[in-house]
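The values are calculated or read from the model by the stated rules, or taken from the named source; none is laboratory data. These figures come from a predicted structure and were not determined experimentally. In this analysis, Cβ positions are derived from the backbone assuming ideal geometry, glycine residues included, and neighbour counts consider all displayed protein chains. Ligands, DNA and RNA are stripped out before the accessible areas are found, and what is left, the full protein with its side chains, is counted by its heavy atoms. Shrake-Rupley method; radii C 1.70, N 1.55, O 1.52, S 1.80 Å.
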Amino acid sequence: MRGFWATVAREIPAYGAFYTGFEFAKRNFQERFGKELPVWALLSSGSFGGVSYWLACYPLDVVKSRVQLSDKPLRGIFYVRDELVAIAREGGMRALFKGLSPSLLRSIPAAAATFAGFELTREFLREQTGI
């Protein structure tokens, strides 16, 4: 369970931003194109959600990874804060964002496919079942 609380601390803002980013972009597209969005708009909205996810949590992901890779488990309730401060002291604020670009690039197609797949499947099932 090493890094459990670091993971929880990361996931809360991450998923808040993930769904908020998607819904924000989707609703903006709906204002322009109507309720039935083209697939490219769903893909773009999903991509926006994916990028929002990583921008909201990346420093906490760096902490989580560092905690999980450490030789000894960290104790106490403030270890997430302590590790954030330690990383910033050791490598400056840039160290908290090392590796962000590959994560952002990976999130674009992954989140685009996730949200578009969900939206299109939901619409298909509504049409087929009437629910």
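Tell me which of Tyr58, Trp40, Gly21 sits at the most positive position along the dipole axis of the stretch 3-63, charges placed on C-beta atoms (Lys, Arg +1; Asp, Glu -1).
The residue sitting farthest along the positive end of the dipole is Trp40.
Distance between the C-alpha centers of the stretch 17-33 and the stretch 34-57? Whole Å please.
The distance from the Cα centre of the stretch 17-33 to that of the stretch 34-57 comes to 7 Å.
Nearest 500 deg cm²/dmol is fine: what mean residue ellipticity at 222 nm does the chain get from its DSSP H runs of n ≥ 4 alone, each adding -39,500 (n - 2.57), divided by its residue count?
-28500 deg cm²/dmol
In whole percent, and with a 1.4 Å probe on the protein chains, what portion of the accessible area of the stretch 62-114 is carbon and sulfur? Provide the component values of the computation, followed by the final result.
Numbers: 2310 of 3720 Å².
Carbon-and-sulfur percentage of accessible area, whole number: 62.
Suppose R0 equals 41 Å. What FRET efficiency, 1/(1 + (r/R0)^6) with r the Cβ-Cβ distance, do Ile12 and Arg32 give to the nearest 0.05?
The computed FRET efficiency comes out at 0.85.
Based on the Cβ-Cβ distance from Phe97 to Leu125, what FRET efficiency comes out when R0 is 41 Å, to the nearest 0.05?
Computed FRET efficiency for Phe97 and Leu125: 0.55.
Return the loop-located trypsin sites (Lys or Arg not before Pro) in the stretch 4-40 (DSSP other than H, G, I, E, B) with at most 14 other Cβ atoms within 10 Å of their own Cβ; answer none if there are none.
Counting only loop positions with at most 14 other Cβ atoms within 10 Å, the trypsin sites (Lys or Arg not before Pro) in the stretch 4-40 are Lys35.
PRE reach from Arg81 (point 7 Å along Cα→Cβ): which of the stretch 22-62 fall under 16 Å by backbone N?
Flagged as within label range: 60.
Taking only protein heavy atoms into account and a 1.4 Å probe, give the accessible area per residue of the chain in Å².
Heavy-atom SASA per residue in the chain reads 65 Å².
Working out 0.36 nm times the residue gap between Glu23 and Lys72, then minus their Cα-Cα distance, what length gain in nm do you get to one decimal? Mind showing how you got there, number by number?
Details: separation 49, 0.36 × 49 = 17.64 nm, distance 4.07 nm.
Fully extending the segment from Glu23 to Lys72 adds 13.6 nm.
Given an 8 Å cut-off on Cα distances and at least 6 residues of separation, report the relative contact order of the chain as a percent. Don't skip to the answer; put the middle values down first.
Details: 138 pairs, mean separation 43.1, N = 131.
That works out to 33 percent.
Charges at C-beta only: +1 for Lys and Arg, -1 for Asp and Glu. How large is the resulting dipole of the chain about its Cα centre, in Debye rounded to 20?
400
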